[in-house]
Amino acid sequence: MKLHISTLITTILISLSLVSIVQSTQPPFSCDSSNPQTKSLKFCQTGLPISVRVLDLVSRLTLDEKISQLVNSAPAIPRLGIPAYEWWSESLHGVGSAGKGIFFNGSIAGATSFPQVILTAATFDENLWYRIGQVIGVEARGVYNAGQAIGMTFWAPNINIFRDPRWGRGQETPGEDPIMTGKYAIRYVRGVQGDSFNGGQLKKGHLQASACCKHFTAYDLDQWKNLDRFSFNAIVTPQDMADTFQPPFQDCIQKAQASGIMCSYNSVNGIPSCANYNLLTKTARQQWGFHGYITSDCDAVQVMHDNHRYGNTPEDSTAFALKAGMDIDCGDYLKKYTKSAVMKKKVSQVHIDRALHNLFSIRMRLGLFNGDPRKQLYGNISPSQVCAPQHQQLALEAARNGIVLLKNTGKLLPLSKAKTNSLAVIGHNANNAYILRGNYDGPPCKYIEILKALVGYAKSVQYQQGCNAANCTSANIDQAVNIARNADYVVLIMGLDQTQEREQFDRDDLVLPGQQENLINSVAKAAKKPVILVILSGGPVDISFAKYNPKIGSILWAGYPGEAGGIALAEIIFGEHNPGGKLPVTWYPQAFVKIPMTDMRMRPDPKTGYPGRTYRFYKGPKVYEFGYGLSYTTYSYGFHSATPNTIQLNQLLSVKTVENSDSIRYTFVDEIGSDNCEKAKFSAHVSVENSGEMDGKHPVLLFVKQDKARNGSPIKQLVGFQSVSLKAGENSQLVFEISPCEHLSSANEDGLMMIEEGSRYLVVGDAEHPINIMI
C-alpha cells in the first residue's frame with residue numbers, strides 16, 4: 001500500500017512539473033523541456049513526426065480520458081502533464097470574445113476590430129483579406145503569449161453562401177458568389193495560420209493559429225417564421241451543391257489548407273451534416289484531402305437527436321457523429337453518451353482514437369506540446385502587437401475601401417469642409433459606436449461614433465436621434481425636420497442593427513423597419529439641399545424610395561464598419577477618401593419575401609415563376625446589382641487585343657465529347673484532366689483608365705456571360721477581380737488568368753462539371769470581349 005501511495009505522490013509531482021500552471025502572464029503548455037521527465041515521454045519528443053507523437057499520446061489514455069477530450073472544453077490530464085484546452089474561440093473580424101478560449105481581463109483589454117466581413121468583402125481585395133487574416137493570427141498569438149487564452153483554435157471564417165437576403169447571419173459571410181467566397185477563405189485562412197499569401201510556406205505544418213471554415217454545408221437559415229436551423233432539412237440538388245454550396249469549402253480545404261471545419265446544424269437531403277459520412281469523410285477527407293479536425297456546431301449532436309430525430313437513442317446519435325468523421329462535440333453530449341455507446345457496441349474505440357489523433361495533431365501543430373510556446377516559433381509575438389498602430393490603420397483602410405457609394409446625383413458628395421458651415425446629423429445609428437461592430441465581435445482597441453467623427457468637419461453640427469431605435473416604432477420627425485431646415489447639409493445615419501438581423505434571427509422584410517422611411521422622406525423634403533443617406537446593415541435593404549427620390553442626393557452603404565468606421569465615413573463624406581467598394585450581394589425588392597426562405601434552389605423555374613437566387617441565376621427586378629458601386633471619379637475599361645477570341649479545347653487530345661439534346665457538344669471537366677486543364681488556361685488583358693478628376697482605388701471585376709444560359713448554367717459568373725489604384729488621368733493594364741475548367745464550366749443536373757461549346761463574352765464594366773469555345 002505504501003508503494004502505491006509513493007507512486008501516486010511521484011506521479012502528481014511529475015505532472016505538476018510537466019504542465020505549466022496558468023498564471024496571468026503565462027500560457028498553458030505541455031512538455032516542459034526543463035524537466036527531465038519530459039524526455040521519457042515519446043509524445044514530447046519534438047524531433048519525431050507529429051503522427052508518431054500523437055499515436056504515443058493516445059495509446060497512454062484510458063477510455064474515460066479519451067472521452068473527456070471529445071468536447072470543446074477539454075479537461076486537463078494531470079498524470080501526463082496535459083493542460084486543459086478550449087477549442088472554441090472566435091475571430092470572425094478580429095479576435096473576439098464570443099467563445100470560451102480568450103479572455104480580455106488582463107493587460108490586453110481589446111483587439112483590433114475590423115469591419116464585419118460583408119463590408120470587407122466589398123473591397124474585392126485579396127491582399128487586404130490576407131493582411132487582415134495575418135493581423136488576427138498575430139493578435140491571437142499575442143493574447144495567448146500574454147496568458148489570456150486557453151486555446152488557439154478559432155472558428156472562422158463563415159463561408160456559407162449568402163443565398164437569401166433575409167438571412168440574419170449573411171453579414172458574417174463574404175457574400176453570394178462561390179468563387180469570391182472561396183478566395184476570401186484562402187486569403188483569410190492563410191493569413192491567420194501563418195502561411196504566405198500564395199500558400200505552401202507553413203514551416204513543417206506549424207500553425208500561428210488554427211482557422212476553421214464553417215458551416216459545412218448548405219447552411220443559410222437561422223430562424224424564419226416557425227422554422228429554425230435546428231430542425232431545417234435543406235433539400236439541395238446535386239447541381240446546386242456542385243457549383244454553389246461546396247466550392248468555397250473545397251477551396252478552404254485544398255488551397256487554404258484550413259486546419260478545421262465545422263459541420264452545421266441543418267440536415268442536407270435528410271441527413272444531419274454532423275452525421276453525414278459522405279460529406280465529412282468521403283468528400284472532405286478522401287476526395288479533397290482534408291487533414292484537420294472536424295467540430296460540430298455547438299450542441300449539434302444533441303440537436304441531431306432531439307430535433308432531427310436522427311437516432312433512436314442518444315448513443316445512436318453519438319455513434320452516427322463519430323462514425324461519420326466528426327472529431328469533437330461543441331457541448332457535452334459526447335461526454336455523456338460516448339462511453340455507453342461503446343459499451344453497447346454502437347461505436348468502437350477505433351473511431352474515438354481517430355478523432356483524438358486529429359485533435360492532438362492540431363494542438364501539436366500549434367506548438368502546445370513543445371515546451372514553453374514563448375520560446376518556440378511564434379514566441380516572439382508580444383502582447384504589445386495587439387492593437388498595434390499599423391493594425392488599427394488596417395482596420396481604417398478596410399472600412400474606407402469597403403464602403404459603397406450607391407447614389408451621387410449632381411456630385412453632391414464629397415462635401416466641402418470649407419463651405420459647410422452647418423451640418424445636421426440625424427439617425428439612431430449616428431451616436432452609437434457599438435452598432436459599428438456587427439456580431440461575433442470583441443472589445444475594440446478604440447472606437448468613435450459616426451457623429452463624433454463628423455463634428456470636426458463643420459463649424460456647427462446639430463444632432464437629432466430621430467427613431468427611438470432600429471425598429472423605429474416611434475420617431476421625432478418634427479424635431480428632425482426642424483434641424484434639417486436650417487442646416488447647409490443633412491446626413492441621415494439609418495438602417496439596421498443586431499436587433500434586426502443576427503444569429504437565430506432572420507428578417508421577414510427587406511424594407512427599413514418602422515417609421516424610418518417616413519422620417520427620411522420628411523427630412524429630405526424639408527432640407528434646403530438634397531440629403532445624404534447612410535445605411536448601416538449586413539443584409540440588403542430595399543431602399544427604392546431613396547434611390548428614386550431626387551431630394552435624396554447621395555446614398556452610402558457602410559455595412560457594420562468596425563472600430564474605425566466612423567472615421568472612414570467622415571473621410572468619405574468630406575472627400576478625404578474616394579469610395580470604391582462594390583456590393584458583394586444582390587439587393588432585392590421587398591416583393592422577394594414572397595419566395596419561401598426554405599426553397600434552396602438556385603436556378604429559376606419558368607414553369608412556376610420561381611425567379612432563382614443571386615446574380616448568377618436570378619431573373620427578377622433588382623434594387624442594386626451584385627458588383628455595383630460608384631466613385632467620385634470615372635473609370636473606363638477595354639480589352640487588349642492580346643486576349644484570345646477562340647479557345648480550342650478540341651486540340652487537347654484526351655478530351656472526350658458528347659452531344660446533348662440541343663445538339664450542343666460538351667465535355668466533362670474530369671475527362672479533360674488536371675494537366676490539360678492547366679494547358680487550357682489563357683489570359684484576359686484589360687485596360688483601366690481613371691478619366692475623372694480625383695485619384696481613386698477600386699476593384700475591377702471580370703465576368704463571363706452567355707447570350708442564353710442553357711441547362712441551368714449561370715447567366716453571368718464572376719471569374720476574377722483585382723484592386724487597382726489610379727491617379728486622375730492615369731491608366732493601367734491588368735492581366736486576369738482564366739481557367740476554362742474552373743471559370744467557363746457549370747454543373748449539370750447530376751452535379752458533374754462540364755464545359756459546353758459555343759460563344760461567351762468576357763465583361764468588365766461596359767466593355768465586352770467575345771470568346772468562342774471549340775470542343
In the range 634-773, with Lys and Arg counted as +1 and Asp and Glu as -1 at Cβ, which of these residues, Asn772, Ser674, Ser641, has the Cα nearest the positive end of the dipole, that is, farthest along it?
-> Ser641
About the Cα centre of the range 634-773, how large is the charge dipole given +1 on each Lys and Arg Cβ and -1 on each Asp and Glu Cβ? Please answer in debye to the nearest 20.
-> 120 debye
Provide the FRET efficiency to the nearest 0.05 for the Asp478-Lys622 pair, computing r from the beta carbons and using R0 = 30 Å.
-> 0.30
When the Karplus curve 6.51 cos²θ - 1.76 cosθ + 1.60 is applied with θ = phi - 60°, which whole-Hz ³J(HN,Hα) does each residue of the range 586-594 get, with x for Gly and Pro?
-> 6, 9, 8, x, 4, 4, 5, 5, 5
Determine the dipole magnitude for the chain: charges of +1 sit on the beta-carbon of Lys and Arg, -1 on that of Asp and Glu, nothing else is charged, the reference point is the Cα centre, and the result goes in debye to the nearest 20.
-> 1080 debye
Where the only charges are on Cβ atoms (+1 Lys, Arg; -1 Asp, Glu), what is the dipole of the range 560-623 about its Cα centre, to the nearest 20 debye?
-> 680 debye
Once you put a point 7 Å from the Cα of Ser641 and another 7 Å from the Cα of Asp670, both along the Cβ direction, what distance in nm separates them?
-> 4.4 nm
Please report, in cubic angstrom per residue, the volume enclosed by the convex hull of the alpha-carbon atoms of the range 403-594.
-> 112 Å³
Give me the distance between the Cα centres of the range 441-512 and the range 258-322, rounded to whole Å.
-> 42 Å
In what sequence, largest accessible area first, do Asp675, Asp497 appear using a 1.4 Å probe?
-> Asp675, Asp497
Within the range 689-765, DSSP-loop GluC sites (Glu not before Pro) with at most 14 other C-beta atoms within 10 Å are Glu693, Glu730, Glu749
How about the range 380-434: which trypsin sites (Lys or Arg not before Pro) there are in a DSSP loop, with at most 14 other Cβ atoms within 10 Å of their Cβ?
-> Lys417, Lys419
If you keep only loop residues by DSSP, which trypsin sites (Lys or Arg not before Pro) in the range 580-649 have at most 12 other Cβ atoms within 10 Å of their Cβ?
-> Lys607
Pairwise FRET efficiency - Glu742 versus Asp32, Cβ, R0 = 45 Å, nearest 0.05 = 0.40
Just the number, please: carbon plus sulfur as a percent of the accessible area of the chain, 1.4 Å probe, no ligands or DNA/RNA counted.
-> 50 percent
Violations at 30 Å Cα threshold for listed pairs Lys39/Lys336; Lys255/Lys619; Lys411/Lys459; Lys282/Lys345 -> Lys39/Lys336; Lys255/Lys619
Relative contact order of the chain (C-alpha contacts under 8 Å, at least 6 apart) in percent is 14 percent
Amide H neighbours of Gly495 under 5 Å, counting only residues 5+ apart in sequence or on other chains, H built in-plane at 1.01 Å?
-> Leu536
Length gain on complete extension for the stretch Lys459 to Leu48, per 0.36 nm per residue less the alpha carbon to alpha carbon distance?
-> 141.2 nm
Free-standing Cys, the chain [no other Cys Cβ under 4.7 Å] = Cys212
Summing -39500 (n - 2.57) over the DSSP H runs of n ≥ 4 in the chain and dividing by its residue number, what mean residue ellipticity at 222 nm do you reach, to the nearest 500 deg cm²/dmol?
-> -7500 deg cm²/dmol
Antiparallel as a % of all DSSP beta bridges within the range 403-594, to the nearest 5?
-> 25 percent
For the range 162-181 and the range 694-734, write down the distance between their C-alpha centroids in whole Å.
-> 20 Å
Among (i) 93, 68, 50; (ii) 100, 81, 55; (iii) 76, 65, 56, the entry derived from the coordinates for Cα extents along the principal axes in Å | (i)
Distance between modelled label sites at Ser40 and Gln286, nm, 7 Å Cα→Cβ extension | 4.3 nm
Send over a whole-number figure in Å² for the accessible area per residue of the chain, probe 1.4 Å.
-> 37 Å²
If R0 is 41 Å, what FRET efficiency do you get for Ser691 and Gln254 from their C-beta distance, rounded to 0.05?
-> 0.50
Could you give the angle, 0 to 90 degrees to the nearest 10, between helix 126-145's Cα long axis and the longest principal axis of the Cα atoms of the chain?
-> 40 degrees
Between Asn380 and Asp707, how many nm apart are label points set 7 Å from Cα along the C-beta direction?
-> 6.1 nm
Set of lysines near Lys339 by C-alpha distance (under 20 Å), chain-local residues within fewer than 8 positions excluded = Lys66, Lys323
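The values are calculated or read from the model by the stated rules, or taken from the named source; none is laboratory data. Given the structure is predicted, the values throughout are model-derived calculations rather than measurements. Cβ coordinates were reconstructed from backbone atoms using ideal geometry, including for glycine residues, and neighbour counts include every protein chain displayed. Accessible surface is based on the protein model in full, side chains and every heavy atom, while ligands, DNA and RNA are left aside. Shrake-Rupley method; radii C 1.70, N 1.55, O 1.52, S 1.80 Å.
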